[in-house]
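Only the coordinates and a few stated rules stand behind these numbers; no lab work does. Owing to the predicted nature of the structure, the values given are computational and were not obtained by experimental measurement. Here the Cβ is made from the backbone with ideal geometry for all residues, glycine too, and neighbour counts use every protein chain on show.
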Amino acid sequence: MNEIERLLAIEEIKQLKAKYFLGIDTHDWDLWRREVWAPDAKLEVPELGSCVEGRDTLVDWVMERSANQVSVHHGHMPIIELTSDTTAKGLWAMEDRIYRPKDHPDYADGAFILGFGHYRETYVKLDIGWRIASTLLTRLRVTRHRIS
Amino acid sequence: MDATQRLAAIEEIKRLKAKYFLGVDTQDWDLFRREIFVEKTSFQLSEFREEPYHGMEKVLAMFGQGLAGKYSVHHGHMPIIELTSDTTARGLWAMEDRIYLSGDGAAQGTLVLHGFGHYHETYAKQADGWRIETIRLTRLRLETRTIA
């Protein structure tokens with residue numbers, strides 16, 4: 001892999017993560033299945049005590065938790081490093097906002113949640129392009145608010 | 001330096017600054033010594049003090065004292081990076097930060113400083129990669145509020 005191929009791979013991985021954010025906030029789960037996750041992908045969220053594996057299980061799990069709520073997720077300042085021609089690792093700072101209606105099952109946990117943290121990820125290049133192989137979300141800070 | 005090398009240098013400097021943000025918010029001062037600052041780095045917090053802090057250890061001591069017992073979230077956006085030679089560069093980053101002065105995230109009554117501004121920086125390429133040489137932080141606005 002030469003220098004220009006390396007830069008292009010880094011750009012593709014940034015766009016891949018952008019599709020992750022687009023998919024989760026627009027609830028476009030088909031985009032997630034088609035273009036975001038590797039088939040054996042893993043998502044780990046220690047604050048929820050959760051670790052889900054396999055693309056379909058993972059997408060269903062996030063879809064269920066996201067139903068009936070509005071979310072805004074932003075990623076910042078990626079540190080992307082290629083570990084071979086077809087694998088990479090990355091770290092993204094993140095900020096998210098979750099808005100829940102009164103009839104949401106988790107409404108008591110917070111009507112508005114503001115969070116900050118980091119995604120630590122690995123990526124794999126398949127025939128169809130780069131995909132997320134694993135994600136670990138750690139938190140710096142989560143604040144829960146009631147909206148009157 | 002050809003266009004590919006220039007792009008690679010700009011990407012490396014973005015990654016360097018991302019490590020700066022990671023280091024501040026996880027209070028990983030060794031990361032600064034190993035991968036972020038030149039030994040003779042300087043940091044000017046222009047809103048509080050005209051005279052810059054000079055040298056790695058003085059700057060890290062200032063960070064450590066300023067953030068001890070607190071939680072912070074710093075995000076950088078929209079970098080303007082310009083190579084000034086093969087081994088020097090300057091950059092400007094928009095920034096937003098939150099510093100939680102006490103308590104845990106859900107606790108009501110926690111005081112939060114929420115600020116916006118710019119980092120004005122210079123970088124130097126050493127044998128082991130790009131490092132931050134000087135930082136001047138200017139503020140557009142600093143809000144103080146209490147979590148309700």
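Points to keep in mind about this one:
- Relative contact order for chain B, counting Cα pairs under 8 Å that sit 6 or more residues apart, in percent: 23
- Here the Karplus curve 6.51 cos²θ - 1.76 cosθ + 1.60, taken at θ = phi - 60°, turns the phi angles of segment A:98-113 into couplings of 10, 10, 10, x, 4, 8, 6, x, 9, 4, 4, 6, x, 7, 9, 10 Hz, with x standing for Gly and Pro.
- GNM top mover of A:ILE98, A:ILE13, A:ILE132 - chain A, alpha-carbon springs below 10 Å: A:ILE98
- Farthest toward the positive end of the dipole of chain B, out of B:GLY23, B:ALA89, B:LEU7, is the Cα of B:GLY23, where the dipole comes from beta carbon charges about the Cα centre.
- Hydrodynamic radius by Kirkwood, which averages 1/r over all alpha carbon pairs of segment B:1-135, in angstrom: 15.8
- Note that segment A:89-96 has calculated 3J(HN,Hα) couplings of 10, x, 9, 10, 6, 9, 9, 9 Hz, one per residue in order, obtained from phi through the Karplus relation 6.51 cos²θ - 1.76 cosθ + 1.60 (θ = phi - 60°); glycine and proline are x.
- Mean Cβ neighbour count within 10 Å, used as a protection proxy, ranking A:114-125, B:56-67 highest first: A:114-125, B:56-67
- In the protein assembly as shown, the convex hull through the Cα atoms has an average projected area of 16.4 nm², a quarter of its surface area.
- Cα-only radius of gyration and Dmax that characterise segment A:3-145, units Å: 15.3, 52
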